[in-house]
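Chemist: Just dropping this structure here.
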Amino acid sequence: MIIIALTDIHGKIDHLPAISDILQQADLVLIAGDITNFGGWNQAEQIISSISQYSKQILAVSGNCDSPSVEDYLNTEGINLHCNYVNIEGVNFAGIGGSLPCPGRTLNESPDEDFQIWLTGVEMKVSSPDPFVLMTHQPAWGTKVDTVGQDQHTGSIAIRDFIEKNKPLLVISGHIHEAAGVDSIGDTVVINPGPFHLGRYAYIQIEGRTVSAEIRSVA
């Protein structure tokens, strides 16, 4: 399975034509939040419709810069992965949207206690022996992909606890623009593709229980 992971689009799709061929070849496009730039339904519809010209298999979660109507739109389209799971070609995909409280107030923030509750619900749904991929806008605590400044971690402890307990093959997140990269928690690959509005994305392949993931740029 070939997956293209996008995050932090922030309403800007200028780079989309540059990866059109790659999107068409992929089995699935995953969007890890901040689809809009403090926008709502209309902006989300514009972005998702543009991506769907190249890929008919899209799953997404909202980010902290997406209004509640973005999640309404994702639900209407049947592609919202927040507190949900979908099995595609023998791989389970589950997700959690939003972020922890930010230094500046944004539209879709929740305390870590809420993440813990949502993830408990996800854990109850994803119980099959099939490989498992988790997508969150907020990264887990304590890796390269949640780091700002001088190694200051900003991730969710609840998400990290979930990863350590449930051991997904792969976790895709975004939110921290400067922390694009690939790391691991135990045997779980964690990846932050970097902001797509700057031309960053991730190219991921899953074969059985083996994951290969790399950060790419259109520039």
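Chemist: Looking at the stretch 39-60, which of the residues that are in a strand (DSSP E or B) and either within 13 Å of the chain's Cα centre (by Cα) or of a type in the set (A, V, I, L, M, F, W, C) (or both) is surrounded by the fewest Cβ atoms within 10 Å (Cβ to Cβ)? Break it down into steps so the answer makes sense when it comes.
Modeler: Here is the first cut: in the stretch 39-60, the ones in a strand (DSSP E or B) are 39, 58-60.
Checking the rest, the ones that are also either within 13 Å of the chain's Cα centre (by Cα) or of a type in the set (A, V, I, L, M, F, W, C) (or both) come to 58-60.
Details: I58: 21, L59: 24, A60: 32.
Here the answer is I58.
Chemist: Looking for something at pLDDT below 95 and either in contact with an Asp or Glu (Cβ under 9 Å, 6 or more places away or on another chain) or surrounded by fewer than 21 Cβ atoms within 10 Å (Cβ to Cβ) (or both) - is there at least one such residue anywhere in the stretch 104-118? Reasoning before the result, please.
Modeler: Keep residues of the stretch 104-118 that are at pLDDT below 95, which gives 104-105.
So of that shortlist, the ones also either in contact with an Asp or Glu (Cβ under 9 Å, 6 or more places away or on another chain) or surrounded by fewer than 21 Cβ atoms within 10 Å (Cβ to Cβ) (or both) come out as 104-105.
The answer is yes; a qualifying residue exists.
Chemist: Search the stretch 119-135 for residues being outside any helix (DSSP H, G or I) and buried (at least 16 other Cβ atoms within 10 Å of the Cβ), and hand back the single one that is nearest to the chain's Cα centre (by Cα). If you could, list the steps in order and put the result at the bottom.
Modeler: The first filter runs over the stretch 119-135 and keeps only residues outside any helix (DSSP H, G or I), leaving 126-135.
From what's left, buried (at least 16 other Cβ atoms within 10 Å of the Cβ): 126, 131-135.
Numbers: V126: 17, P131: 17, F132: 14, V133: 10, L134: 8, M135: 4 Å.
That would be M135.
Chemist: For residues in the stretch 136-167 being assigned to a loop (DSSP other than H, G, I, E, B) and without any contact (Cβ under 8 Å) to a residue 12 or more places away in the chain, which is farthest from P111 (Cα to Cα)?
Modeler: Q150
Chemist: Of the residues in the stretch 2-18, how many are in contact with a strand residue (DSSP E or B) (Cβ under 9 Å, 6 or more places away or on another chain) and over 26 Å from N84 (Cβ atoms)?
Modeler: 1
Chemist: While we're looking at this one, here's another question. Quick check on the stretch 19-32. Is at least one of its residues in contact (Cβ under 8 Å) with a residue 60 or more places away in the chain and touching an Asp or Glu at 6+ places or on another chain (Cβ under 6 Å)?
Modeler: Scanning the stretch 19-32 turns up no residue that is in contact (Cβ under 8 Å) with a residue 60 or more places away in the chain and touching an Asp or Glu at 6+ places or on another chain (Cβ under 6 Å).
Chemist: Also, I was wondering about something else. I'd like the full set of residues that are crowded, with 21+ Cβ neighbours inside 10 Å and either modelled with pLDDT under 95 or not in a loop (DSSP other than H, G, I, E, B) (or both), limited to the stretch 24-38.
Modeler: Correct list: L28, V29, L30, I31, A32.
Residues checked against (1) within 20 Å of I2 (Cβ to Cβ); (2) small (G, A, S):
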{"residue": "L30", "(1), (2)": "yes, no"}
{"residue": "Q53", "(1), (2)": "yes, no"}
{"residue": "Q57", "(1), (2)": "yes, no"}
{"residue": "A60", "(1), (2)": "yes, yes"}
{"residue": "S67", "(1), (2)": "no, yes"}
{"residue": "V70", "(1), (2)": "no, no"}
{"residue": "L74", "(1), (2)": "no, no"}
{"residue": "N80", "(1), (2)": "no, no"}
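The values are calculated or read from the model by the stated rules, or taken from the named source; none is laboratory data. Keep in mind it's a predicted model, so treat the numbers as computed, not measured. Neighbour counts are summed over all protein chains in view; Cβ atoms, including those assigned to glycine, are modelled from backbone coordinates with ideal geometry.
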